[in-house]
Each structure stands twice: as structure tokens, then as C-alpha cells.
1. Among the residues of the range 259-285, write down those that are part of a loop (DSSP other than H, G, I, E, B), open to solvent by 50 Å² or more (accessible area, probe 1.4 Å) and either in contact (Cβ under 8 Å) with a residue 12 or more places away in the chain or within 18 Å of P138 (Cα to Cα) (or both).
2. Could you please find all residues in the range 111-131 being assigned to a helix (DSSP H, G or I) and touching a His at 6+ places or on another chain (Cβ under 9 Å)?
3. I'm checking my understanding of the structure. Among residues of the range 232-258 that are of a type in the set (S, T, Y) and farther than 27 Å from G151 by Cβ, which one is nearest to the chain's Cα centre (by Cα)?
4. State all residues of the range 230-258 that are of a type in the set (V, I, T) and either without any contact (Cβ under 8 Å) to a residue 60 or more places away in the chain or not in a loop (DSSP other than H, G, I, E, B) (or both); if no residue qualifies, say none.
5. Would you check if R158 is closer than 27 Å to A327 by Cα and either basic (K, R) or assigned to a helix (DSSP H, G or I) (or both)?
6. Return a yes/no flag: does the range 206-221 have any residue that is modelled with pLDDT of 95 or more, over 26 Å from G360 (Cα atoms) and either of a type in the set (D, E, K, R) or surrounded by fewer than 14 Cβ atoms within 10 Å (Cβ to Cβ) (or both).
7. Only one residue in A97, A68, A77, A91 is more than 30 Å from A289 (Cα to Cα), hydrophobic (A, V, I, L, M, F, W, C), touching a residue at least 24 places away in the same chain (Cβ under 8 Å) and in a loop (DSSP other than H, G, I, E, B), so which one is that?
8. Out of the residues in the range 53-64 meeting the condition of being part of a loop (DSSP other than H, G, I, E, B) and at pLDDT 95 or above, tell me which one is farthest from A374 (Cα to Cα).
Amino acid sequence: RHIRGLERLQRVGILPFRLCAVCDPDRSRADQAQDLAQRLLGVRPGGYAAVDQIVGDSDAVDVTVAPALHESIAITALLAGCHVMVEKPMALTVRQAIHMNQVAHRQGRILAVAENYRRDPMNRLGKALIDSGAIGSPYLMIQGSSSGGGGVILTPWRHLKSQGGIAADMGVHYADLFEYFLGPVTHVAGMARVVEATRKDAQGTQHMADAEDLVIGNLRFDSGAMGNFILNLAGRAPGWFYRAVFGTGGTLVLPNDRTGHPVHLWREGFRQSGEASEADLLEMVPEFALDPTLALLFGGQRLTRYERDWAETDANLIASELHDFAAAIAHGESPEVSGEQGVRALALIHGFLEADRTNGEVPMDDLISGVVHAYQDSFANAIHDTGVGERGDGK
């Protein structure tokens, strides 16, 4: 997916990187990545088995492995003088993520977190509408979804606590969006459980699943607004998705990410139905425009919807992350999603699970500082004791 993001940048003429190497201890995976790069980018990068073999000749490293390996790989690259972009969730635990930030600052290197949902043009429009006051003062955001059933979601390792867990792997997107839309969270409360203790893959093989697949939480924002979160990853069909921000002057309902479906906004006394048209939305935010990279990738600056297949949309959003990362390196500036924001998103999603252990509300400050970590210790210690997590497939 990240190679396809590079290909999208090359196609629109703004590729800032030269892919010089791919790294995977599994030779067949490295071969596949090299083949894909040669086909899409026209250049075959070198293939290596260990990170220390590539960092010496690289300006930057893009870490796309499982979360349990993020800290060790990122720090190896940072200490070698490379800038680093790391996939979400930033690390396995908040304390690991804090350590990564400390090393990046000490080395004077850029540390970016690949967080793509906020880059969706519909979420960009949604934020512009909220910031403009189109719905008045926001007082509640709801983020809820149900899907997954009893099968393996993407890969078996995502259902293991020792690999970060499915709630953090998927929920960190929504944690980031809570603060993207409504600003800093101050307190978190939550409950969680494991619904499916085993999950069946497409071949019928059963896999152990000890990571929570149902999380329900509440949030308080520094602004006084509140939030509600439901992530049900054991839900049988039909699935559902709901994201809404309620304000004193209206309600904004946002579509599922990477669908291109339009934003909906209602205000009392606005037209007969109360719902704004797409033209009305743009009138409410006359200064709204996508950044030049997203506009080039999606074909317009002031979009109210888009039609792309999922793979192209996904590649466009990853392309935006990569271009932002390159710009941060070139100009010595913070990327849009910095290591600090990556810590906050990870702390927030783990906060629901930490709060489940304390049966109370947990201050966000205690989460982002690593003071509260009992839940995370339950799997971080297991990795230290058993060596689980040395491979991205959980073996």
C-alpha cells in the first residue's frame, strides 16, 4: 500500500523520494515488494533482511510492520541518522512511543505517524465546517461502528494483545479523529471485553484471539464537549457506521472513511428540510480548500464528494502522508501527525482499556505521560518474558 502511495505521487509528478531499499527478513516478501516497486515505479530497489543493512544509505525509513516491532526498528533508524515515518498505532505501548519521541528529539530527526483517516477530503471538509461555526459550539461527538463477526479481521496477529490488539490497531484512527475535530481530550472512561476468544480465517483455521474486540468509551474535551465511542468488532451483519458532531446550532454527520460519500449538515430554520445542500456547505466555508497535494491527487480543491475505488483512495491518502513527511524533512518542520500526536492517539485508545481496569475516569495527562499503564503491562511484560512479537506474523 505504501509503494502504491509512492506510485500515486509519481503519477501526478510530485514524488519526493527515491525508493532505494525494501527490508523484510522473509526473502519472499522482500522479493514481492521489489517486484511491485519495479512494476509501479520503474526502479527496482535493493532487498535486505535487516534494518541495519539499509539505514546507512537512506535519508528516511518508512516503518510498515506490526506494532510490536515499531519501537525497535524506528530507534535503530533514528540512531543511524534517518528520519522515520511509522505506521499507526505508533507503538505497542505509550511508554515505547514516548521513548521513540525522546530519541527523535535527541537525534534532531523527524518522526511522523502515518494516520490517513484525517486526510480524507470529507473529513477535511467536516473539520472546516466545525471550525467555521457552521453548527455552533460543538458539545458532543459520537463515533460508533459494528462489523467483523467471528472471522479473522485482516490478519491473525491483530487479534493478539502481544501484537497490539485489534482495538488499538483500528481504534487509533478514531482516537486521532476525536482530537482532530474537537481538540484535546482531558479525561477518558471505558469498558471492554473479548467477545470472540477464537477466530476463523478464510481457510477455516481457528486462531487464538485474546485482544478485546468490543470497546465502549466516553471522553471529556478541554472545550467542555463530550464524546462517545463504540467499536464492536464482533458484530454480525449488517454492519453499521456512525460519526456525528452535535453543536448548539446544528448537526454534522460524516461518512465512513475512504468512501467519498458526502457530508450532511442540518440547522434549524435552514431551508424547509433543515439540511444544507452541497453548494450550501461550500458557501459556509468560503476559505476551505484541500492542500495542493490532496487536491492534485483527488482532482479538486473544494470537494463535497468523490468517486474513486477503495484502492486508489487508500493510495491517495498514503501518498499524502508520504508527501507531508518529505516536506517536514525538507523544511525542518513538524509533520501534520507528529510523534507527540501519535502518543496522544495511542494513549486515548489505550485509555478506554486502562479505565476499564480502574472502573473510573482516567486523566489524559496520566495516559500520555505513561503514568497509567496497568493494562499495557499485561501484554508488554508477556513480550519481554516470552519473546512473542519478534515477527510481524505473531510467531
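The values are calculated or read from the model by the stated rules, or taken from the named source; none is laboratory data. Not measured: the values here are computed from a predicted model. Reconstructed Cβ throughout: ideal geometry from the backbone, glycine too, with neighbour counts over all protein chains shown. For the accessible areas, the whole protein counts, side chains as well, though only heavy atoms, and no ligand, DNA or RNA atoms are used. Shrake-Rupley method; radii C 1.70, N 1.55, O 1.52, S 1.80 Å.
1. H261, R267, E268
2. Of everything in the range 111-131, those that are assigned to a helix (DSSP H, G or I) and touching a His at 6+ places or on another chain (Cβ under 9 Å) turn out to be Y117, R118, M122.
3. For the range 232-258, the residue satisfying everything is T251.
4. I230, V245, T251, V253
5. no
6. Yes, the conditions are met somewhere in the range 206-221.
7. Unique residue meeting the criteria: A91.
8. D59
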